[in-house]
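All remarks here apply to the structure that follows.
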Amino acid sequence: MAATTPFTIPFDTEPLCIGGVWRAAAAGQTLTLDNPSDGSALARIARGTAPDIDAAVAAAQAALDGDWGRLTAAERGRVLGAIGRKVLDNVELLARLEALDVGKPLAQGRVDAIALARYLEFYGGAADKVHGQTLPFQNGYTVLTLREPHGVTGHIVPWNYPMQIVGRSVGAALAMGNACVLKPAEEACLTVLAFARIAHEAGLPAGALNVVPGLGEEAGAALAAHPGVRHLSFTGSVATGKLIQAAAARNAVPVTLELGGKSPQIVFADADLDAALPSLVNAGLQNAGQTCSAASRILVERAVHAQVRERMAERYRALRIGPALADLDLGPLISKRQQGIVEHFLALGRDGGLALAAQGEIAADAPRGGFYVRPTLFDAVPADHPLAQQEIFGPVQVLIAFDGEAQALQIANGTAFGLVAGVWTRDGGRQLRMARSLKCGQVFVNNYGAGGGVELPFGGVKHSGHGREKGFEALYGFSTLKTVAIHHG
Ligand code: NAD
């Protein structure tokens, strides 16, 4: 398939997509997106509001009642597969857009675009493999269950991994036969809009996916509150997640919340440190630390604490930070606001007397207007310090020393979050004890993140959220079960 050329940068105003038609926002308003690498205005997009959400929900319902709703599961799977192939043809375009819009180094943009394709392949292949059951029951009855779509599903996503999050959420929802209304983040959404164009070019029926960019309190709140939406999938902050759950409660609809984290990697003295070291740093600093599952706390058994600190510090000192298109180790943060938040945490560490283990350097030729922050490793941080408790969402990691398994667990589980944890040890019994006792949604033993793992159910406990996306599990969340009991005597 040929690559798509959806638009060039800079462009005038990128419209929203409702019922397969690209149009301006109903109120005619627009939003300006910044280029985080230099702080310049990058692009203008339509700023959708409640009337656009109304139109998008109506278009999604029409798709369910029309062409999209009539497709068999196998046909839906074929459409998703075709979209995935077209995404693969457009990896370079998508990576470049993501670099400009999110400030993500090109290499990471490529990883995200390929992951988007992989979600579509995975959910395309799974679409006709989710089925109900026949249940043993009383004589004279046949009882069966049917897996059915919710109907119109609402998807509200953040700016940090737009492609991956849209892939996992919209991919699973479409596979199950729902029709989606998607509200991307106001800070960055060019790849989401490009994806919508690619999907339609690849044969997605009109109305199956509608994209309405806009502000959270306008388009986002209107989508969360819309009575025509039968399921909400939200990825973002805890504060907004609570608002979404309250809105879902008012309409009595199910909601999946994928929220923040303060995830630990726990390094025992018997660990293979050569294997652990790259992951200890990379999993904390990927996407400049703006990752929900960022390993922002490194818990180290005291016997290897000094060694791990020195080896991590060495890596930090070699890090290069600069504009996304230069494709260095780290790019900028998403916005001036996010830069201010991270600098506040850095000041809190410095002024509170935390030991600075190491910092990376911003490239001398990085544009002055870019939203750069030096990656920073603090040492010997008390487990109850704000830097060890709160999600910073920037390139900041804390080292915490511990003595023995019990204390490691107590510290690891001792935050409001519970998203992901990593455990590094050669002791098989300890691997299992830790995996069972960690309070979180995913545990990785002698690795962290398993390379993204499209197939692996993902989600949190406590303030990290509830419900699962990714893997087969997501297909159950994006469908509802109907029981049919037939009395035939
Ligand atoms: P955010 O909550 O500010 O925004 C996320 C989305 O919600 C955006 O589209 C925004 O427009 C929308 N929104 C904001 N206010 C709204 C409202 N009142 N009603 C409806 N929608 C509204 O989050 P953020 O700062 O953009 O993203 C960072 C957060 O997302 C971090 O906490 C991070 O950990 C989390 N996150 C979680 C995952 C996960 O899978 N668990 C993945 C990525 C990011």
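What follows is calculated from the coordinates using simple rules that are stated; it is not laboratory data. In this text, all values refer to a predicted model and were calculated from it rather than measured experimentally. No Cβ is skipped: glycine too gets one built from the backbone with ideal geometry, and neighbour counts run over all protein chains shown.
Data table
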{"quantity": "Rel. contact order, % - alpha carbon contacts under 8 angstrom, at least six apart, the chain", "calculated": "18 percent"}
{"quantity": "All lysines inside 19 Å of K336 as judged from Cα atoms, apart from same-chain residues fewer than 8 positions distant", "calculated": "K104"}
{"quantity": "Per-pair calculated FRET efficiency, R0 = 51 Å: L146 and A380 via Cβ, rounded to 0.05", "calculated": "0.35"}
{"quantity": "Ordering of 17-24, 268-275 by burial proxy (mean other Cβ atoms within 10 Å per residue, highest first)", "calculated": "17-24, 268-275"}
{"quantity": "Full-stretch length increase - R426, A62 - with 0.36 nm per residue and alpha-carbon distance subtracted", "calculated": "125.5 nm"}
{"quantity": "For region 264-452, size of Cβ-based charge dipole, Lys and Arg +1, Asp and Glu -1, in debye", "calculated": "300 debye"}
{"quantity": "Nearest-ten-degree value, helix 50-65 long axis tilted from longest Cα axis of the chain", "calculated": "60 degrees"}
{"quantity": "Degrees separating the helix 162-175 axis from the principal Cα axis of the chain, which is the longest one", "calculated": "30 degrees"}
{"quantity": "The chain: mean projected area of Cα convex hull, nm²", "calculated": "24.1 nm²"}
{"quantity": "Net charge over other residues, Cβ less than 15 angstrom from the Cβ of R317 (K, R count +1; D, E count -1)", "calculated": "0"}
{"quantity": "Percent antiparallel among DSSP beta bridges (both partners in region 264-452, rounded to 5)", "calculated": "15 percent"}
{"quantity": "Straight-distance crosslink candidates among lysines, where the alpha carbon sits under 18 Å from K183 and sequence neighbours closer than 8 are dropped", "calculated": "K242"}
{"quantity": "Set of lysines with alpha-carbon distance to K129 below 16 Å, sequence-local pairs under 8 removed", "calculated": "K470"}
{"quantity": "Check: region 116-261 dipole with +1 on Lys, Arg Cβ and -1 on Asp, Glu Cβ, in debye", "calculated": "280 debye"}
{"quantity": "Segment R337-R44, extension gain: residue separation times 0.36 nm, minus the distance between their alpha carbons", "calculated": "103.6 nm"}
{"quantity": "Computed [θ] at 222 nm, deg cm²/dmol, the chain (DSSP H ≥ 4; -39,500 (n - 2.57); rounded to nearest 500)", "calculated": "-12000 deg cm²/dmol"}
{"quantity": "Options S464, A60, G132, ranked by Cα towards positive dipole end of the chain, top entry (Cβ charges)", "calculated": "G132"}
{"quantity": "Cβ-based net charge around Q431, under 14 Å, with every Lys or Arg adding one and every Asp or Glu removing one", "calculated": "0"}
{"quantity": "For G369, net neighbour charge (Lys/Arg +1, Asp/Glu -1) across residues whose Cβ lies under 14 Å away", "calculated": "-1"}
{"quantity": "Extension reserve of the A24-R368 stretch, reckoned as 0.36 nm per residue once the Cα distance is removed", "calculated": "120.5 nm"}
{"quantity": "Most to least packed among 366-373, 65-72, 250-257, 468-475 [average Cβ atoms within 10 Å]", "calculated": "468-475, 366-373, 250-257, 65-72"}
{"quantity": "Nearest 10 degrees, 0 to 90: helix 302-318 Cα axis against the chain principal axis", "calculated": "80 degrees"}
{"quantity": "Rounded to 5, the percent of DSSP beta bridges in the chain classed as antiparallel", "calculated": "40 percent"}
